[in-house]
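What follows is a set of notes on a single structure, which appears directly below.
We did not get these values from a lab; they are worked out from the coordinates using the rules stated. Bear in mind the structure is a predicted one, so any value in this text is a computation, not a measurement. With ideal geometry, Cβ positions are generated from the backbone for all residues, glycine too; neighbour counts draw on all protein chains shown.
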Amino acid sequence: FIFVFEPTTVITPAGCAYEGTQLKSRICGVSMVRAGESMEAGLRQVFKKIRIGKILISKDEDGVPHFLFAKFPQDIGERQVLLLDPMLATGASVTEAVKVLMQHGVKEENILFLNLIAAPQGIKSFTKRFPKIKIVTVEIDKTLSNTGISLPGIGEFGDRYFGTEENDSRNSIIENRF
């Protein structure tokens, strides 16, 4: 996954010509609903006019991920994709998302997975399955629990971000991590 830039000249607000570069690569974001949507605003701050698709993967009571919905740009197979999901625990959900992207014509090497917190086991499992996909993460957690929860973890990211979490005294841990 490599961004390609080309030279360009822009006129600054002061009326001066400035030689710089502009992105030549055709990119789009794909957020994994719901937690991945928390990363969209930051992506748009960097890439003002980026197209963003959505994918919904839901886990059943046994923790098995199932594809439910996707809405992508029509030409997604011709783009580089920034896949957005803040948490990587076991890697099962993002693996399912990548399978759907590839079914829509996206090449493995054209996917960059942007993430905030990842468990080492999830990184290992995911990169073994998809060695051409790069992961960019902020922090690597220590481990996974027996039930596949990232530890020490921050809880259910989407619920916390959108303010829909259960009242739980453990929720204050996020303030100590960031």
Can you order the peptides 114-125, 78-89 by their average number of other Cβ atoms within 10 Å per residue, highest first? 78-89, 114-125
Once both labels are modelled 7 Å past Cα along the beta-carbon direction, what's the N146-L23 spacing in nm? 4.5 nm
Given charges at beta-carbon only (K, R positive; D, E negative), |dipole| of the chain in Debye: 620 debye
Per residue of the range 39-48, in order, report the coupling 6.51 cos²θ - 1.76 cosθ + 1.60 (Karplus, θ = phi - 60°) as ³J(HN,Hα) in whole Hz, putting x for Gly and Pro. 9, 5, 4, x, 5, 5, 5, 8, 10, 4
If amide H atoms are built 1.01 Å from N in the plane of the peptide, which residues on other chains or at least 5 residues away come under 5 Å of the amide H of I140? A118
Ignoring everything except DSSP H segments at least 4 long, calculate the 222 nm mean residue ellipticity for the chain; use -39,500 (n - 2.57) per segment, divide by total residues, nearest 500. -6000 deg cm²/dmol
Whose amide H sits under 5 Å from the amide H of L83, counting only residues 5 or more places off or on another chain, with H placed in the peptide plane? V30, L112, F113, L114
Relative to the longest principal axis of the chain, what angle (0 to 90°, nearest 10) does the C-alpha long axis of helix 92-103 take? 40 degrees
Here, R129 and V4, labelled 7 Å along Cα→Cβ, have an inter-label distance in nm of 3.0 nm
I'd like to know which of V64, N115, G153 lies farthest towards the positive end of the charge dipole of the chain, counting +1 on Cβ of Lys and Arg and -1 on Cβ of Asp and Glu. N115
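Between T164 and R44, what length comes free when the chain is fully extended (0.36 nm per residue of separation minus the Cα-Cα distance, one decimal in nm)?
Once the chain is fully extended between T164 and R44, it gains 40.8 nm.
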Using amide H atoms built in the peptide plane, which far-off residues or other-chain residues are under 5 Å from I27 H to H? Q80
Length gain on complete extension for the stretch V138 to I11, per 0.36 nm per residue less the alpha carbon to alpha carbon distance? 42.2 nm
What does the charge count around N110 come to, taking other residues whose C-beta lies under 11 Å from its C-beta (Lys +1, Arg +1, Asp -1, Glu -1)? +2
Would you kindly derive the ³J(HN,Hα) couplings of the range 125-136 from the backbone phi angles with the Karplus curve 6.51 cos²θ - 1.76 cosθ + 1.60 (θ = phi - 60°), listing them in order in whole Hz, with x for Gly and Pro? 4, 5, 6, 5, 6, 10, x, 8, 8, 8, 10, 10
Which entries in K54/K99; K24/K128; K54/K107; K99/K134 show an alpha-carbon gap greater than 22 Å? K24/K128
May I ask you to evaluate 6.51 cos²θ - 1.76 cosθ + 1.60, the Karplus curve with θ = phi - 60°, for each residue of the range 9-20 and list the ³J(HN,Hα) values in order in whole Hz, giving x for glycine and proline? 10, 10, 9, 6, x, 7, x, 9, 7, 10, 8, x
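In terms of the Cα gyration tensor, with a ≥ b ≥ c the square roots of its eigenvalues, is the chain rounded because a/c is under 1.5, prolate because a/b exceeds b/c, or oblate?
Numbers: a/c = 2.08, a/b = 1.55, b/c = 1.34.
Note, shape of the chain comes out prolate.
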